[in-house]
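Remarks on the structure that follows.
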Amino acid sequence: MNAQRTNAVQEFYSNLFQWTISPFHIEPFGLMPMVRNGKWGFANIFMAMGAFAPPGWLVHMSCDIDKAIKQVKKHGGTVNGEPETIPGWARLVGVIDPQGTSFQLIERELKDHEDSKPGDPHILELWSPDADEVVTFYEKVFRLKAKKTKRGWVLLDVHTPRLYIRTNPYADIPHRWIPYFRSCSVPADKRRAELFGAIEQVPLEDADQIGPLVIMMDTAGAYFGLVNPDNA
């Protein structure tokens, strides 16, 4: 995304969730905007290299990297080089699943934050070309238990949902990751998001075992969701 889009999307999320943006130095990229919800820093906003790179979320998934890499290779995925260590923050490496969807493995030096308040990332959903074909890959890589649902698949850490996978319901858009952020009222936050420039992409629904949710497009053109798990 270009600099104008980057500035606009920072303002959008600051208005919607009261996220704060502060500088964070990452070698070799230099200063990048760190996104915080309260004291918790969980994302960066940056400009992609290349004028035609589409806007979107680069997903980082927490794991034991060395064990996960072995499973990625064993189950048909691709690892992009060797893990890189960013001192004081994390160890990470890029991965591509067997269907061509990219994400990052990340091993944090600090404990993961638990969802607790509105605006926190809550669930992650993959819109896959074929959910049934790729679910075993994610089950093995992240040592989770897959369970079939009306929507597709949910991957559980014991009883806690960690990841949802569904077959892409829209043939005219590419497969993608959808991050969902916690909301106390999905209808109210949807209206607020629209006032700040978001556009509804998938109408509000009450998803079984997930809760009320809606999928929006932010001011940079990236997809995100709102979900209220307390009403699941």
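So that you can scan it fast, the table gives a plain yes or no per residue for (1) under 14 Å from the mean Cα position of the chain (by Cα); (2) aliphatic (A, V, I, L, M); (3) open to solvent by less than 70 Å² (accessible area, probe 1.4 Å); (4) modelled with pLDDT under 95:
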residue: Gly119; (1), (2), (3), (4): yes, no, yes, yes
residue: Ile123; (1), (2), (3), (4): yes, yes, yes, yes
residue: Asp132; (1), (2), (3), (4): no, no, no, no
residue: Tyr138; (1), (2), (3), (4): no, no, yes, no
residue: Asp157; (1), (2), (3), (4): no, no, yes, yes
residue: Asn168; (1), (2), (3), (4): no, no, yes, yes
residue: Arg182; (1), (2), (3), (4): yes, no, yes, yes
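Looking at segment 68-83, which of the residues that are touching a strand residue (DSSP E or B) at 6+ places or on another chain (Cβ under 7 Å) and assigned to a helix (DSSP H, G or I) is most open to solvent (accessible area, probe 1.4 Å)?
My answer is Lys73.
Between a first residue in segment 79-99 that is closer than 17 Å to Val141 by Cβ and of a type in the set (D, E, K, R) and a second residue that is assigned to a loop (DSSP other than H, G, I, E, B) and open to solvent by less than 30 Å² (accessible area, probe 1.4 Å), which pairs have beta carbons less than 8 Å apart while being 6 or more apart in sequence or on different chains?
Asp97/Gly77
Being outside any strand (DSSP E or B) and of a type outside the set (A, V, I, L, M, F, W, C) is the filter here; which residues of segment 219-232 pass it? Walk me through it before giving the result.
Taking segment 219-232 and keeping what is outside any strand (DSSP E or B), we get 219-222, 228-232.
Those that are outside any strand (DSSP E or B) and of a type outside the set (A, V, I, L, M, F, W, C): Thr219, Gly221, Asn228, Pro229, Asp230, Asn231.
Which count do you get for residues in segment 185-218 that are open to solvent by 50 Å² or more (accessible area, probe 1.4 Å), over 28 Å from His159 (Cα atoms) and assigned to a loop (DSSP other than H, G, I, E, B)?
The qualifying residues number 1.
Going through segment 147-175 one residue at a time, which ones are among the hydrophobic types (A, V, I, L, M, F, W, C) and either under 16 Å from Glu133 (Cα atoms) or not in a strand (DSSP E or B) (or both)? Give the derivation first.
Narrowing segment 147-175 to residues among the hydrophobic types (A, V, I, L, M, F, W, C): 153-156, 158, 163, 165, 171, 173.
Residues satisfying the conditions are Trp153, Val154, Leu155, Val158, Leu163, Ile165, Ala171, Ile173.
The values are calculated or read from the model by the stated rules, or taken from the named source; none is laboratory data. Just so you know, these numbers come straight off a predicted model, no measurement behind them. Every residue, glycine as well, gets a Cβ built from its backbone with ideal geometry; the counts of neighbours run over all protein chains shown. Note: accessible area is taken over every heavy atom of the protein model, side chains too, but ligands, DNA and RNA are not part of it. Shrake-Rupley method; radii C 1.70, N 1.55, O 1.52, S 1.80 Å.
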